[in-house]
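Here the structure comes first, spelled out in C-alpha coordinates, and everything after it is commentary.
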Amino acid sequence: EKGGFKHFMLKEIHEVPEAIESALVGRFDEDLKPNLKELDEFNLEKVKRILLVACGTSYHAGLVFKYFAEKYLDVDVLIDVASEFRYRPIRIDDNTLTIAISQSGETADTLESVRAVKKAGGKVIAITNVVGSTITRESDITLFMNAGPEIGVAASKTYVNQLIILYTLGLYMMKKRGIWSEEHNIISKQLNESPKIVRKIINNEKINQLADYYKNYHHFMYIGRGINTATAMEGALKLKEISYINAVAYPAGELKHGPIALLDPTFPVFAIAPKDSLYEKMRSNIEESRARNARILSIATEGDEEIKKISHDVIYIPEAHEDLYPLIIAPVIQLFAYYIADKRGYDPDKPRNLAKSVTVE
Ligand code: F6R
(Lines give C-alpha, C1' and ligand atoms only; values in the text may rest on other atoms or scores of the structure.)
Protein backbone atom coordinates (compact mmCIF):
# COMPACT_ATOMS: atom_id res chain seq x y z
CA GLU A 1 0.00 0.00 0.00
CA LYS A 2 3.04 2.26 0.35
CA GLY A 3 3.78 1.57 -3.30
CA GLY A 4 7.40 0.64 -2.70
CA PHE A 5 8.12 3.70 -0.56
CA LYS A 6 9.43 3.32 2.98
CA HIS A 7 6.74 5.60 4.43
CA PHE A 8 3.42 7.11 3.42
CA MET A 9 4.89 10.58 3.77
CA LEU A 10 7.55 9.86 1.16
CA LYS A 11 4.96 8.28 -1.12
CA GLU A 12 2.67 11.26 -0.68
CA ILE A 13 5.42 13.76 -1.49
CA HIS A 14 6.04 11.75 -4.64
CA GLU A 15 2.35 12.01 -5.43
CA VAL A 16 2.50 15.81 -5.44
CA PRO A 17 2.69 16.17 -9.26
CA GLU A 18 -0.44 14.10 -9.86
CA ALA A 19 -2.18 15.70 -6.89
CA ILE A 20 -1.56 19.14 -8.44
CA GLU A 21 -2.98 17.91 -11.73
CA SER A 22 -6.16 16.80 -9.96
CA ALA A 23 -6.49 20.19 -8.28
CA LEU A 24 -6.07 22.08 -11.55
CA VAL A 25 -8.35 19.96 -13.70
CA GLY A 26 -11.52 21.76 -14.72
CA ARG A 27 -10.44 25.00 -13.07
CA PHE A 28 -8.72 26.61 -16.06
CA ASP A 29 -10.11 27.42 -19.51
CA GLU A 30 -8.26 26.60 -22.73
CA ASP A 31 -6.57 29.99 -22.63
CA LEU A 32 -5.20 29.08 -19.16
CA LYS A 33 -7.34 31.65 -17.41
CA PRO A 34 -8.89 30.41 -14.16
CA ASN A 35 -12.56 29.62 -14.03
CA LEU A 36 -14.34 29.19 -10.71
CA LYS A 37 -17.83 30.15 -11.85
CA GLU A 38 -19.34 28.44 -8.84
CA LEU A 39 -18.04 31.38 -6.76
CA ASP A 40 -19.81 34.08 -8.73
CA GLU A 41 -22.61 34.36 -6.18
CA PHE A 42 -20.03 35.66 -3.67
CA ASN A 43 -19.56 39.04 -5.35
CA LEU A 44 -15.84 38.60 -5.82
CA GLU A 45 -15.75 41.92 -7.70
CA LYS A 46 -16.77 43.82 -4.58
CA VAL A 47 -14.93 42.05 -1.79
CA LYS A 48 -12.76 44.44 0.22
CA ARG A 49 -11.83 42.29 3.21
CA ILE A 50 -11.03 38.64 3.37
CA LEU A 51 -10.94 36.86 6.73
CA LEU A 52 -8.76 33.82 6.48
CA VAL A 53 -8.90 31.18 9.16
CA ALA A 54 -6.98 27.91 9.53
CA CYS A 55 -4.57 25.99 11.79
CA GLY A 56 -1.01 24.72 11.42
CA THR A 57 0.08 23.98 7.89
CA SER A 58 -3.23 25.21 6.51
CA TYR A 59 -2.55 28.55 8.18
CA HIS A 60 0.76 28.75 6.33
CA ALA A 61 -1.06 28.19 3.03
CA GLY A 62 -3.34 31.05 4.00
CA LEU A 63 -0.34 33.27 4.64
CA VAL A 64 0.88 32.66 1.09
CA PHE A 65 -2.55 33.71 -0.18
CA LYS A 66 -2.41 36.92 1.86
CA TYR A 67 0.81 38.03 0.18
CA PHE A 68 -0.38 36.96 -3.26
CA ALA A 69 -3.82 38.55 -3.05
CA GLU A 70 -2.73 41.81 -1.44
CA LYS A 71 0.00 42.31 -4.05
CA TYR A 72 -2.46 42.59 -6.91
CA LEU A 73 -5.94 43.07 -5.50
CA ASP A 74 -7.42 46.00 -3.66
CA VAL A 75 -8.27 43.84 -0.64
CA ASP A 76 -7.07 43.38 2.92
CA VAL A 77 -6.54 39.80 3.94
CA LEU A 78 -6.77 39.40 7.70
CA ILE A 79 -5.44 36.02 8.68
CA ASP A 80 -5.50 34.29 12.01
CA VAL A 81 -5.15 30.85 13.51
CA ALA A 82 -8.60 29.47 14.23
CA SER A 83 -8.02 28.99 17.97
CA GLU A 84 -7.56 32.77 18.28
CA PHE A 85 -9.98 33.89 15.59
CA ARG A 86 -12.99 32.23 17.18
CA TYR A 87 -12.55 34.07 20.47
CA ARG A 88 -12.07 37.53 19.02
CA PRO A 89 -14.78 39.90 17.80
CA ILE A 90 -15.88 39.05 14.30
CA ARG A 91 -16.84 41.98 12.11
CA ILE A 92 -18.68 41.18 8.93
CA ASP A 93 -20.11 43.52 6.30
CA ASP A 94 -21.34 43.08 2.73
CA ASN A 95 -17.82 43.30 1.36
CA THR A 96 -16.27 40.75 3.70
CA LEU A 97 -15.61 37.19 2.63
CA THR A 98 -14.29 34.40 4.84
CA ILE A 99 -12.07 31.58 3.65
CA ALA A 100 -11.62 28.56 5.93
CA ILE A 101 -8.82 26.17 5.02
CA SER A 102 -8.77 22.66 6.46
CA GLN A 103 -7.36 19.54 4.87
CA SER A 104 -9.49 17.23 7.04
CA GLY A 105 -12.52 19.49 7.16
CA GLU A 106 -12.90 18.45 10.81
CA THR A 107 -10.53 20.68 12.80
CA ALA A 108 -12.54 21.81 15.83
CA ASP A 109 -11.27 25.40 16.03
CA THR A 110 -11.65 25.97 12.30
CA LEU A 111 -15.16 24.54 12.38
CA GLU A 112 -16.13 26.77 15.30
CA SER A 113 -14.71 29.77 13.45
CA VAL A 114 -16.88 28.91 10.45
CA ARG A 115 -19.90 28.69 12.75
CA ALA A 116 -19.07 32.04 14.34
CA VAL A 117 -18.79 33.74 10.94
CA LYS A 118 -22.06 32.22 9.78
CA LYS A 119 -23.72 33.35 12.98
CA ALA A 120 -22.47 36.87 12.35
CA GLY A 121 -24.10 36.75 8.91
CA GLY A 122 -20.97 36.11 6.84
CA LYS A 123 -20.32 33.91 3.83
CA VAL A 124 -17.71 31.16 4.01
CA ILE A 125 -15.74 29.50 1.25
CA ALA A 126 -14.11 26.30 2.54
CA ILE A 127 -11.03 24.69 1.06
CA THR A 128 -10.82 21.07 2.15
CA ASN A 129 -9.68 17.68 0.96
CA VAL A 130 -12.42 15.52 2.45
CA VAL A 131 -15.78 15.29 0.73
CA GLY A 132 -18.66 15.24 3.21
CA SER A 133 -16.57 16.60 6.10
CA THR A 134 -18.25 18.81 8.69
CA ILE A 135 -16.65 22.06 7.52
CA THR A 136 -17.78 21.42 3.94
CA ARG A 137 -21.34 20.87 5.16
CA GLU A 138 -21.44 24.05 7.20
CA SER A 139 -19.76 26.40 4.72
CA ASP A 140 -21.54 28.10 1.82
CA ILE A 141 -19.38 26.43 -0.76
CA THR A 142 -16.30 24.22 -0.85
CA LEU A 143 -13.36 24.17 -3.21
CA PHE A 144 -12.03 20.64 -2.91
CA MET A 145 -8.30 20.28 -3.17
CA ASN A 146 -8.53 16.79 -4.70
CA ALA A 147 -5.19 15.61 -3.30
CA GLY A 148 -6.40 12.07 -2.69
CA PRO A 149 -6.14 10.47 0.76
CA GLU A 150 -3.21 11.55 2.91
CA ILE A 151 -2.17 8.97 5.50
CA GLY A 152 1.01 10.60 6.83
CA VAL A 153 0.05 12.74 9.82
CA ALA A 154 2.17 15.68 8.68
CA ALA A 155 0.54 17.46 5.75
CA SER A 156 2.57 17.20 2.53
CA LYS A 157 0.71 16.93 -0.78
CA THR A 158 -2.33 18.60 0.77
CA TYR A 159 -0.28 21.71 1.61
CA VAL A 160 0.77 21.95 -2.02
CA ASN A 161 -2.80 21.50 -3.18
CA GLN A 162 -4.05 24.15 -0.78
CA LEU A 163 -1.59 26.50 -2.43
CA ILE A 164 -2.82 25.49 -5.89
CA ILE A 165 -6.44 26.24 -4.96
CA LEU A 166 -5.52 29.53 -3.30
CA TYR A 167 -3.43 30.74 -6.26
CA THR A 168 -6.31 29.78 -8.56
CA LEU A 169 -8.78 31.65 -6.39
CA GLY A 170 -6.53 34.71 -6.30
CA LEU A 171 -6.08 34.63 -10.06
CA TYR A 172 -9.81 34.22 -10.57
CA MET A 173 -10.45 37.32 -8.47
CA MET A 174 -7.92 39.21 -10.59
CA LYS A 175 -9.74 38.12 -13.73
CA LYS A 176 -13.16 39.04 -12.32
CA ARG A 177 -11.95 42.45 -11.22
CA GLY A 178 -10.53 43.26 -14.64
CA ILE A 179 -6.91 43.62 -13.58
CA TRP A 180 -5.62 40.61 -15.49
CA SER A 181 -2.28 41.38 -17.09
CA GLU A 182 0.48 39.64 -18.99
CA GLU A 183 2.10 38.86 -15.66
CA HIS A 184 -0.97 36.86 -14.65
CA ASN A 185 -0.74 34.91 -17.89
CA ILE A 186 2.78 33.95 -16.88
CA ILE A 187 1.78 32.94 -13.34
CA SER A 188 -1.15 30.97 -14.68
CA LYS A 189 0.96 29.18 -17.24
CA GLN A 190 3.63 28.28 -14.68
CA LEU A 191 1.02 27.11 -12.21
CA ASN A 192 -0.27 24.75 -14.86
CA GLU A 193 3.25 23.55 -15.58
CA SER A 194 4.12 23.08 -11.90
CA PRO A 195 3.63 19.27 -11.89
CA LYS A 196 6.53 19.01 -14.32
CA ILE A 197 8.73 21.29 -12.24
CA VAL A 198 7.94 19.48 -8.99
CA ARG A 199 8.70 16.11 -10.58
CA LYS A 200 12.32 17.22 -11.05
CA ILE A 201 12.62 18.60 -7.53
CA ILE A 202 11.45 15.52 -5.66
CA ASN A 203 14.16 13.45 -7.24
CA ASN A 204 16.97 15.74 -6.09
CA GLU A 205 19.31 13.42 -4.13
CA LYS A 206 21.12 16.41 -2.67
CA ILE A 207 18.30 16.90 -0.17
CA ASN A 208 18.82 13.39 1.19
CA GLN A 209 22.59 13.89 1.40
CA LEU A 210 22.23 17.17 3.25
CA ALA A 211 19.82 15.57 5.70
CA ASP A 212 22.60 13.16 6.56
CA TYR A 213 24.84 16.01 7.53
CA TYR A 214 22.26 18.15 9.33
CA LYS A 215 20.44 15.39 11.22
CA ASN A 216 22.53 15.75 14.37
CA TYR A 217 21.87 19.41 15.06
CA HIS A 218 19.56 20.27 17.94
CA HIS A 219 18.31 23.59 16.62
CA PHE A 220 17.42 25.27 13.34
CA MET A 221 16.59 28.84 12.41
CA TYR A 222 14.39 29.09 9.31
CA ILE A 223 14.29 32.51 7.70
CA GLY A 224 12.44 33.92 4.70
CA ARG A 225 10.94 37.18 3.52
CA GLY A 226 7.70 38.29 1.92
CA ILE A 227 5.65 35.43 0.57
CA ASN A 228 8.36 32.99 1.70
CA THR A 229 7.96 33.94 5.32
CA ALA A 230 5.27 31.29 5.14
CA THR A 231 7.72 28.84 3.58
CA ALA A 232 10.13 29.36 6.47
CA MET A 233 7.34 28.81 9.00
CA GLU A 234 6.15 25.68 7.23
CA GLY A 235 9.72 24.35 6.97
CA ALA A 236 10.23 24.78 10.70
CA LEU A 237 6.89 23.20 11.54
CA LYS A 238 7.63 20.14 9.40
CA LEU A 239 11.05 19.69 10.98
CA LYS A 240 9.89 19.99 14.57
CA GLU A 241 6.81 17.82 14.26
CA ILE A 242 8.45 14.77 12.68
CA SER A 243 12.14 14.98 13.65
CA TYR A 244 11.65 16.60 17.10
CA ILE A 245 14.43 19.07 16.38
CA ASN A 246 13.77 22.52 17.76
CA ALA A 247 13.17 24.73 14.73
CA VAL A 248 12.14 28.34 14.87
CA ALA A 249 11.06 30.53 11.98
CA TYR A 250 11.27 34.27 11.52
CA PRO A 251 10.77 36.82 8.80
CA ALA A 252 14.46 37.43 8.12
CA GLY A 253 14.26 41.12 8.97
CA GLU A 254 13.30 40.21 12.52
CA LEU A 255 16.59 38.44 13.22
CA LYS A 256 18.33 41.50 14.53
CA HIS A 257 15.44 42.23 16.88
CA GLY A 258 16.30 39.30 19.08
CA PRO A 259 16.64 35.83 17.59
CA ILE A 260 20.09 36.47 16.10
CA ALA A 261 21.35 36.18 19.68
CA LEU A 262 20.73 32.42 19.41
CA LEU A 263 23.07 31.90 16.48
CA ASP A 264 26.40 30.15 16.84
CA PRO A 265 28.05 27.15 15.13
CA THR A 266 25.55 24.79 16.78
CA PHE A 267 22.52 26.65 15.43
CA PRO A 268 22.27 26.42 11.62
CA VAL A 269 20.22 28.80 9.50
CA PHE A 270 17.94 27.45 6.78
CA ALA A 271 17.51 30.38 4.42
CA ILE A 272 14.72 30.51 1.84
CA ALA A 273 16.51 32.70 -0.68
CA PRO A 274 15.12 32.40 -4.22
CA LYS A 275 15.83 35.18 -6.74
CA ASP A 276 12.90 37.47 -6.04
CA SER A 277 12.42 41.15 -5.34
CA LEU A 278 13.62 40.72 -1.73
CA TYR A 279 16.67 38.66 -2.65
CA GLU A 280 19.22 41.36 -1.80
CA LYS A 281 17.64 41.81 1.62
CA MET A 282 17.83 38.06 2.23
CA ARG A 283 21.48 38.09 1.25
CA SER A 284 22.31 40.64 3.92
CA ASN A 285 20.43 38.60 6.51
CA ILE A 286 22.41 35.51 5.49
CA GLU A 287 25.64 37.48 5.77
CA GLU A 288 24.66 38.73 9.23
CA SER A 289 23.98 35.14 10.31
CA ARG A 290 27.23 33.94 8.83
CA ALA A 291 29.10 36.60 10.76
CA ARG A 292 27.83 34.87 13.92
CA ASN A 293 29.46 31.67 12.68
CA ALA A 294 26.16 29.93 12.03
CA ARG A 295 26.17 27.24 9.38
CA ILE A 296 24.04 28.32 6.40
CA LEU A 297 21.89 26.09 4.23
CA SER A 298 20.19 28.08 1.49
CA ILE A 299 17.49 27.28 -1.01
CA ALA A 300 18.29 29.31 -4.10
CA THR A 301 17.40 29.70 -7.75
CA GLU A 302 19.39 27.71 -10.30
CA GLY A 303 22.15 29.84 -11.77
CA ASP A 304 22.65 31.87 -8.59
CA GLU A 305 26.39 31.38 -8.05
CA GLU A 306 26.71 34.29 -5.64
CA ILE A 307 24.76 32.50 -2.96
CA LYS A 308 27.49 29.84 -2.72
CA LYS A 309 29.91 32.44 -1.44
CA ILE A 310 27.80 33.11 1.64
CA SER A 311 26.25 29.67 2.24
CA HIS A 312 27.87 26.42 3.33
CA ASP A 313 25.30 24.39 1.41
CA VAL A 314 22.82 25.23 -1.35
CA ILE A 315 19.77 23.41 -2.66
CA TYR A 316 18.89 24.73 -6.09
CA ILE A 317 15.36 24.98 -7.42
CA PRO A 318 14.30 25.95 -10.97
CA GLU A 319 13.59 29.57 -11.75
CA ALA A 320 9.92 30.54 -11.47
CA HIS A 321 7.70 33.57 -11.13
CA GLU A 322 8.50 34.95 -7.69
CA ASP A 323 4.98 34.46 -6.35
CA LEU A 324 5.18 30.73 -7.04
CA TYR A 325 8.32 29.95 -5.06
CA PRO A 326 6.34 28.79 -1.99
CA LEU A 327 4.83 26.10 -4.20
CA ILE A 328 8.11 25.05 -5.79
CA ILE A 329 9.96 25.01 -2.47
CA ALA A 330 7.29 23.15 -0.46
CA PRO A 331 8.40 19.64 -1.50
CA VAL A 332 12.02 20.54 -0.69
CA ILE A 333 11.33 21.51 2.92
CA GLN A 334 9.06 18.49 3.29
CA LEU A 335 11.70 16.09 1.99
CA PHE A 336 14.38 17.65 4.15
CA ALA A 337 12.27 17.11 7.29
CA TYR A 338 11.26 13.63 6.13
CA TYR A 339 14.83 12.43 5.57
CA ILE A 340 16.04 13.87 8.86
CA ALA A 341 13.23 12.19 10.80
CA ASP A 342 13.90 8.87 9.11
CA LYS A 343 17.66 9.07 9.66
CA ARG A 344 17.12 9.89 13.32
CA GLY A 345 15.13 6.68 13.57
CA TYR A 346 11.64 8.13 13.91
CA ASP A 347 8.51 7.14 12.02
CA PRO A 348 7.57 10.26 10.05
CA ASP A 349 4.09 8.91 9.41
CA LYS A 350 3.16 8.83 13.08
CA PRO A 351 4.77 11.66 15.00
CA ARG A 352 4.34 11.40 18.75
CA ASN A 353 1.57 13.42 20.43
CA LEU A 354 -0.10 14.32 17.12
CA ALA A 355 -3.32 13.24 15.40
CA LYS A 356 -4.25 13.57 11.76
CA SER A 357 -7.38 15.47 12.53
CA VAL A 358 -7.74 17.59 15.62
CA THR A 359 -11.39 17.33 16.52
CA VAL A 360 -11.00 18.65 20.04
CA GLU A 361 -10.10 22.15 21.02
C1 F6R B 1 1.16 19.81 10.09
C2 F6R B 1 -0.26 19.50 10.07
C3 F6R B 1 -1.17 20.29 10.95
C4 F6R B 1 -2.49 20.59 10.25
C5 F6R B 1 -3.46 21.27 11.20
C6 F6R B 1 -4.76 21.65 10.51
O7 F6R B 1 1.86 19.00 9.20
O8 F6R B 1 -0.70 18.62 9.36
O9 F6R B 1 -0.56 21.47 11.36
O10 F6R B 1 -2.24 21.38 9.14
O11 F6R B 1 -3.74 20.42 12.28
O12 F6R B 1 -5.39 20.54 9.98
P13 F6R B 1 -6.51 20.70 8.90
O14 F6R B 1 -5.92 21.27 7.67
O15 F6R B 1 -7.05 19.31 8.70
O16 F6R B 1 -7.56 21.63 9.48
Check your understanding: Using alpha-carbon pairs under 8 Å, 6+ residues apart, how would you state the relative contact order of the chain in percent?
Key -> 20 percent
Check your understanding: Could you give me the ³J(HN,Hα) list for segment 252-263, computed from phi with Karplus coefficients 6.51, -1.76, 1.60 and θ = phi - 60°, whole Hz, x at Gly and Pro?
Key -> 3, x, 7, 3, 6, 8, x, x, 4, 4, 6, 6
**Study point:** Within segment 310-349: backbone nitrogen closer than 16 Å to the Lys189 label point (7 Å, Cα to C-beta)
**Key:** 319-324
Review point. For segment 269-315, what % of the accessible area comes from carbon and sulfur atoms, probe 1.4 Å?
Key: 43 percent
Check your understanding: For Ile245, what is the net charge nearby, where nearby means another residue's Cβ is under 12 Å from its Cβ and Lys, Arg count +1, Asp, Glu -1?
Key -> +4
Point to revise | Solvent-accessible ranking of His219, His184, largest area first, probe 1.4 Å | key: His219, His184
Exercise for review: Find the relative contact order for segment 85-161 and round it to a whole percent, using C-alpha pairs within less than 8 Å whose residues are 6+ positions apart.
Suggested key: 27 percent
Study note, to complete from the structure: Here P(r) for the chain, Cα-Cα distances in 10 Å bins, as whole percents, is 5, 26, 34, 25, 9, 1
Check your understanding: Which FRET efficiency value, to the nearest 0.05, is calculated for Lys343 and Arg199 with the Förster distance at 22 angstrom and r the Cβ-Cβ distance?
Key -> 0.35
Check your understanding: With the other protein chains left in place, how much accessible area per residue, in square angstrom, belongs to the chain at a 1.4 angstrom probe?
Key -> 40 Å²
Point to revise | Lys356-Asn246 pseudo-label distance in nm [points 7 Å out on the Cα-to-Cβ vector] | key: 3.2 nm
Exercise for review: Work out the FRET efficiency for Asp29 and Glu319 from their Cβ-Cβ distance, taking R0 = 30 Å, and round it to the nearest 0.05.
Suggested key: 0.70
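Sorted by accessible area (1.4 Å probe), largest first, how do Tyr167, Tyr59 line up?
These residues rank, largest area first, as Tyr59, Tyr167.
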Exercise for review: State, to one decimal in nm, how far the label point of Glu18 lies from the label point of Ala291, with both points 7 Å from Cα in the Cβ direction.
Suggested key: 5.1 nm
Point to revise | In degrees, nearest ten, helix 56-72 long axis to first principal axis of the chain (Cα) | key: 70 degrees
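With Cβ to Cβ distances under 11 Å as the rule, what net charge do the other residues near Ile272 carry (K, R +1; D, E -1)?
Surrounding charge for Ile272 is -1.
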Review point. What's the angle, to the nearest 10 degrees (0 to 90), between helix 205-214's Cα axis and the longest principal axis of the chain?
Key: 60 degrees
Study note, to complete from the structure: For segment 46-124, the accessible surface attributable to carbon and sulfur atoms (probe 1.4 angstrom, ligands and nucleic acids excluded) amounts in percent to 47 percent
Check your understanding: Using a simple spin-label model with points 7 Å from Cα along the Cα→Cβ vector, what separation in nm is obtained for Tyr87 and Asp264?
Key -> 3.6 nm
Exercise for review: Work out how much length His257 to Lys119 would gain on full extension: take 0.36 nm times their residue separation and subtract the Cα-Cα distance, in nm to one decimal.
Suggested key: 45.6 nm
**Study point:** Potential lengthening between His219 and Lys71 on full extension [0.36 nm per residue; Cα-Cα distance subtracted]
**Key:** 49.9 nm
Exercise for review: Give, in nm to one decimal, the length gained when the segment between Ser277 and Glu182 is fully stretched (0.36 nm per residue of separation minus the Cα-Cα distance).
Suggested key: 32.4 nm
Check your understanding: Beyond 24 Å, what share of the Cα-Cα pairs of segment 217-361 remains, rounded to the nearest whole percent?
Key -> 29 percent
Review point. With axes computed from alpha carbons, what is the tilt in degrees of helix 182-201 against the longest principal axis of the chain, rounded to the nearest 10 within 0 to 90?
Key: 50 degrees
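The values are calculated or read from the model by the stated rules, or taken from the named source; none is laboratory data. Just so we're clear, the structure is a prediction, and the values are computed from it rather than from any experiment. We place every Cβ from the backbone using ideal geometry, glycine too, and count neighbours over all the protein chains shown. Protein only, heavy atoms only, side chains kept; ligands, DNA and RNA dropped before computing areas. Shrake-Rupley method; radii C 1.70, N 1.55, O 1.52, S 1.80 Å.
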